[in-house]
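See below for the structure under consideration.
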Amino acid sequence: AQSVTQLGSHVSVSEGALVLLRCNYSSSVPPYLFWYVQYPNQGLQLLLKYTSAATLVKGINGFEAEFKKSETSFHLTKPSAHMSDAAEYFCAVSIGAAGNKLTFGGGTRVLVKP
Amino acid sequence: EPEVTQTPSHQVTQMGQEVILRCVPISNHLYFYWYRQILGQKVEFLVSFYNNEISEKSEIFDDQFSVERPDGSNFTLKIRSTKLEDSAMYFCASRGTGSGNEQFFGPGTRLTVL
């Protein structure tokens, strides 16, 4: 069975600073990996996905993530945080196909300080 | 841009009552899902649905739960006799065909069981 661990339930960054959200997965077969963002009182919006093509994946709003098989990681980064990045971020994995059931990590809430 | 919609946005019910949560998936999507998120916890998979039948369900999805696609546009989740622990945000998702396609989520229905 697959699982996802997100290190840090809360992250605080200053506006303009690097955003780094950590995600490690466990899967016995090659995974499909996703980052979703949830703004207050809204649903889950896809930021980016890894589907076994390029290991460095670029997403919306300036975010990117790198798939590292040796480290079983899929960390999310953004070079310069903006106030609008304040949200909760979820890493998720599916196996077999990108559309199979998603297994989510616990989420990381990002606070951006002016 | 097409989106998944859910109604109601908030449902309050008494323990033991039946509730039906409604979702309108993106129109050309064929795969449908329900997830839930208990306050402060992970997003959890409940059930997936394709070709008018359940394709996978979690251990959470017991006999109290059922899903239905009553017409060409709606996808519903019914809880027959709600319990206090059913209080959660329920998300519907849909996806198109193709192994690389991701799931698109609705804004969720917050269910409160009193």
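The values are calculated or read from the model by the stated rules, or taken from the named source; none is laboratory data. Since this is a predicted model, take the numbers as computed values, not measurements. Glycine also receives a Cβ, built like all others from the backbone with ideal geometry; neighbour counts cover every protein chain displayed.
For the subset of region A:35-49 comprising residues that are over 19 Å from A:Cys23 (Cα atoms) and within 7 Å of chain B (Cβ to nearest Cβ), which member is surrounded by the most Cβ atoms within 10 Å (Cβ to Cβ)? Looking at the filtered set, the residue picked out is A:Gly43. Determine whether B:Leu46 is free of Cβ contacts under 8 Å to residues at least 60 places away in the same chain, buried (at least 17 other Cβ atoms within 10 Å of the Cβ) and not basic (Lys, Arg). For B:Leu46, the condition - free of Cβ contacts under 8 Å to residues at least 60 places away in the same chain, buried (at least 17 other Cβ atoms within 10 Å of the Cβ) and not basic (Lys, Arg) - is met. Considering region B:55-98, the residues that are small (Gly, Ala, Ser), within 14 Å of another protein chain (Cβ to nearest Cβ) and surrounded by 13 or more Cβ atoms within 10 Å (Cβ to Cβ) include one that is farthest from the chain's Cα centre (by Cα), namely B:Gly96.
Residue count for region A:51-77 under the criterion of being surrounded by fewer than 21 Cβ atoms within 10 Å (Cβ to Cβ) and either within 14 Å of another protein chain (Cβ to nearest Cβ) or touching a Cys at 6+ places or on another chain (Cβ under 8 Å) (or both): the result is 8. Criterion applied to A:Ser80, A:Ser27 was being in contact (Cβ under 8 Å) with a residue 60 or more places away in the chain, within 18 Å of B:Glu44 (Cα to Cα) and more than 14 Å from every other protein chain (Cβ to nearest Cβ), and the one residue passing it is A:Ser27.
For (1) in contact with a Ser or Thr (Cβ under 6 Å, 6 or more places away or on another chain); (2) modelled with pLDDT under 95, each residue gets a yes or a no:
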{"residue": "B:Val4", "(1), (2)": "yes, yes"}
{"residue": "B:Cys23", "(1), (2)": "no, no"}
{"residue": "B:Arg36", "(1), (2)": "no, no"}
{"residue": "B:Glu56", "(1), (2)": "yes, yes"}
{"residue": "B:Arg69", "(1), (2)": "no, yes"}
{"residue": "B:Phe75", "(1), (2)": "no, no"}
{"residue": "B:Ser87", "(1), (2)": "yes, no"}
